[in-house]
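The values are calculated or read from the model by the stated rules, or taken from the named source; none is laboratory data. All of these numbers come straight from a predicted model, not from anything done at the bench. For neighbour counting, all protein chains shown are included, and Cβ atoms are generated from backbone atoms with ideal geometry for every residue, glycine included. Side chains are part of the model used for accessible areas, which takes the heavy atoms of the whole protein and leaves out ligands, DNA and RNA. Shrake-Rupley method; radii C 1.70, N 1.55, O 1.52, S 1.80 Å.
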Amino acid sequence: IQPSIQEALMEGRPVVALESTIITHGMAYPQNLSIAREVEKIVTTNGAVPATVGILKGKIHVGLTDEELEFLASSKNVVKVSRRDLPYVLSQGLSGGTTVSGTMIAAHKAGIPVFVTGGIGGVHRGGENTLDVSADLTELGRTPVAVVSAGVKSILDIGRTLEYLETQGVCVAAFGESREFPAFFSRQSGFQAPYHVRDEEEAAELIASALGLGLSSGVLIAVPCPQERAAPGQIIEEAIQQALSEARSKGITGKELTPFMLQKLNELTDGKSLDSNLALIQNNARVGSCIAVALSKLQEARRKGNLPRPEDKTSPQPVVIGGINVDFIAKAQNPVILGGGQTNAGRVRRTFGGVGRNLADCLSRLGQTPLFLSAVGKDEHSESVLHCCHHMDMSAVLQLEGKNTATYCAVITSAGELSIGLGDMDIHHQITEQYVSQFKENLCQAPLVCIDGNVPLSTIQYVCQLAGEHQLAVCYEPTDENKASKPFLSDSWKALTYISPNLQELRAINRTLGNPLPAGIEYTE
């Protein structure tokens with residue numbers, strides 16, 4: 001990921017993903033390079049950061065330099081890369097342009113929710129016999145990215161494409177005043193989109209709803225080509241029939257068919273189709289950037305608690321601040337655990353824990369649905385955690401690239417006693433005062449704030465200071481003997497309402513406060 005794009009994502013600024021097949025296979029050099037540069041400029045002008053996705057020498061790049069754009073635009077033997085092609089192209093160190101499907105995968109992994117393209121692939125004409133269906137459609141059914149396009153390329157079977165998108169569970173909305181589903185070069189296809197959004201704010205609300213639900217499917221926003229440069233439907237249809245006939249006679253199929261058809265249409269319409277193609281790409285870039293900006297503002301407002309969610313109208317949410325752990329519990333079968341590198345028979349199971357997560361889980365099951373503030377990595381563990389916690393409000397949990405989700409491994413004797421515990425908990429340091437302070441309004445209205453001992457000392461002190469100023473009820477779970485004393489290193493503890501230590505944790509707290517231990521418990525285990 002290009003550093004400037006990584007920085008924009010970390011700061012929550014709007015980023016727009018762009019594909020590169022249009023550069024490598026959609027237009028000839030140097031027009032392909034100039035349109036690529038122009039589209040990036042349009043995105044920037046409209047307040048977003050462009051992130052063109054491409055494959056260079058076996059590496060996925062999110063964001064391309066001008067030299068890298070030039071390389072893809074001028075290279076002859078680059079691959080058209082969809083989902084199925086990615087493993088081979090990467091393993092062979094090849095270069096290529098990413099299709100809608102390939103770009104969606106990269107955008108999702110990079111954390112970019114909005115992607116602009118010309119038009120998506122679909123069910124080819126005669127697809128009911130050939131089963132020639134673009135991977136773009138299945139990708140929209142499995143990858144949560146919003147795709148802004150001029151509908152479906154008109155060389156395809158638009159009716160069957162819409163049916164297939166419905167089967168895949170993809171929310172499709174036309175953009176503007178009409179529900180008419182656009183046909184790429186033309187504004188009318190003869191088919192209605194299931195829904196329509198009038199402007200970028202409505203589109204952003206739709207995308208935010210889809211992301212908030214945690215659906216694994218994408219959203220398709222279909223934007224009609226500008227009226228003044230749209231091609232007449234009849235001229236395009238006649239040219240399509242002629243081009244299809246020629247493709248059949250030449251035996252052109254599969255991934256070669258679409259580039260052939262677009263080139264042939266340009267010839268048969270004396271450049272009208274190409275002019276419409278350029279116009280719709282530029283328009284999509286403008287509309288998509290405005291949607292990304294509106295979505296970014298909406299997400300920022302929700303993060304700061306300025307925009308009441310539906311549940312806020314009834315009562316404020318409790319807030320839980322604490323750790324998420326993936327726990328591996330290994331229980332020995334035999335009474336004696338053998339050392340010296342030997343393998344002991346036992347049972348190993350994975351569970352999801354972390355004191356904060358457990359508290360948020362219990363409150364959610366009690367119908368309270370707390371706002372949960374925590375941090376996970378972007379790895380296979382975080383995907384499992386988010387899937388397991390689908391009943392909880394995980395919308396504010398940080399997902400951090402290059403960090404490990406916290407893991408804990410416990411070896412337990414057959415009698416149930418802990419023999420040894422190992423933890424990789426560094427990510428808990430990311431639950432910072434700066435992150436938590438974004439939710440100050442939520443905290444100040446919360447009927448209960450729960451915080452665990454995994455959280456950094458400065459964050460605990462910040463929450464206790466807020467609690468003192470706003471008379472908040474704060475529950476502190478000390479977590480373990482070494483972390484229990486954090487609020488008691490200063491006067492922060494005076495803002496706590498509840499605390500739930502075990503005996504060892506209580507002794508540690510008592511020592512920190514300089515109090516003598518009551519008689520009879522000095523040596524109690």
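Overview of values
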{"quantity": "Listed residues Arg198, Arg187, Arg507 arranged by accessible area, highest first, probe 1.4 Å", "calculated": "Arg198, Arg187, Arg507"}
{"quantity": "Spatially proximal aspartates and glutamates relative to Lys331 (Cα-Cα < 14 Å; intrachain offsets below 8 disregarded)", "calculated": "Glu417"}
{"quantity": "Lys264 accessible area, 1.4 Å probe, all protein chains in place, Å² to nearest 10", "calculated": "40 Å²"}
{"quantity": "Nonlocal Lys pairs with alpha-carbon distance under 27 Å, the stretch 118-309 (8 or more apart, or different chains)", "calculated": "9"}
{"quantity": "Of all accessible heavy-atom area on the stretch 481-520, the percent that carbon and sulfur account for (1.4 Å)", "calculated": "54 percent"}
{"quantity": "Accessible area expressed per residue, the chain, with surrounding protein chains retained (probe 1.4 Å, Å²)", "calculated": "47 Å²"}
{"quantity": "Under 14 Å from the Gln227 label point (7 Å along Cα→beta-carbon), backbone N, the stretch 180-217", "calculated": "187-188"}
{"quantity": "Hits among aspartates and glutamates - C-alpha to C-alpha of Lys378 under 13 Å, sequence gap 8 or more where chains match", "calculated": "Glu401"}
{"quantity": "The chain - share of DSSP beta bridges that are antiparallel (%, nearest 5)", "calculated": "35 percent"}
{"quantity": "Solvent accessible area, Å² - Glu256, 1.4 Å probe, full protein context", "calculated": "110 Å²"}
{"quantity": "Where Ser134, Ser419 fall by accessible area, highest first, once all protein chains stay in place (1.4 Å)", "calculated": "Ser419, Ser134"}
{"quantity": "Efficiency of FRET between Thr130 and Tyr29 - r from beta-carbon atoms, R0 41 angstrom, step 0.05", "calculated": "0.85"}
{"quantity": "Euclidean distance of C-alpha centroids, the stretch 82-120 and the stretch 24-67, integer Å", "calculated": "13 Å"}
{"quantity": "Anchor Lys486: aspartates and glutamates whose Cα lies under 14 Å away (excluding residues fewer than 8 positions away in-chain)", "calculated": "Asp452, Glu477, Glu505"}
{"quantity": "Accessible heavy-atom area order of Thr253, Thr138, highest first, probe of 1.4 Å", "calculated": "Thr253, Thr138"}
{"quantity": "Exposure of Met394 as accessible area (Å², to 10), given a probe of 1.4 Å and all protein chains", "calculated": "30 Å²"}
{"quantity": "Net +/- balance of residues flanking Ser485 in space, Cβ distance below 12 Å, scoring K and R +1, D and E -1", "calculated": "+1"}
{"quantity": "Estimated FRET transfer efficiency when R0 is 25 angstrom, pair Lys494-Ser437 (beta carbons, to 0.05)", "calculated": "0.75"}
{"quantity": "With eigenvalues of the C-alpha gyration tensor scaled by 5 and rooted, the stretch 382-513, Å", "calculated": "25, 23, 13"}
{"quantity": "Debye intensity ratio I(q)/I(0), log10, the chain, q values 0.08, 0.13 Å⁻¹ (C-alpha model)", "calculated": "-0.62, -1.19"}
{"quantity": "Using alpha carbons only: equivalent-ellipsoid semi-axes of the stretch 49-190, gyration tensor based, whole Å", "calculated": "27, 17, 14"}
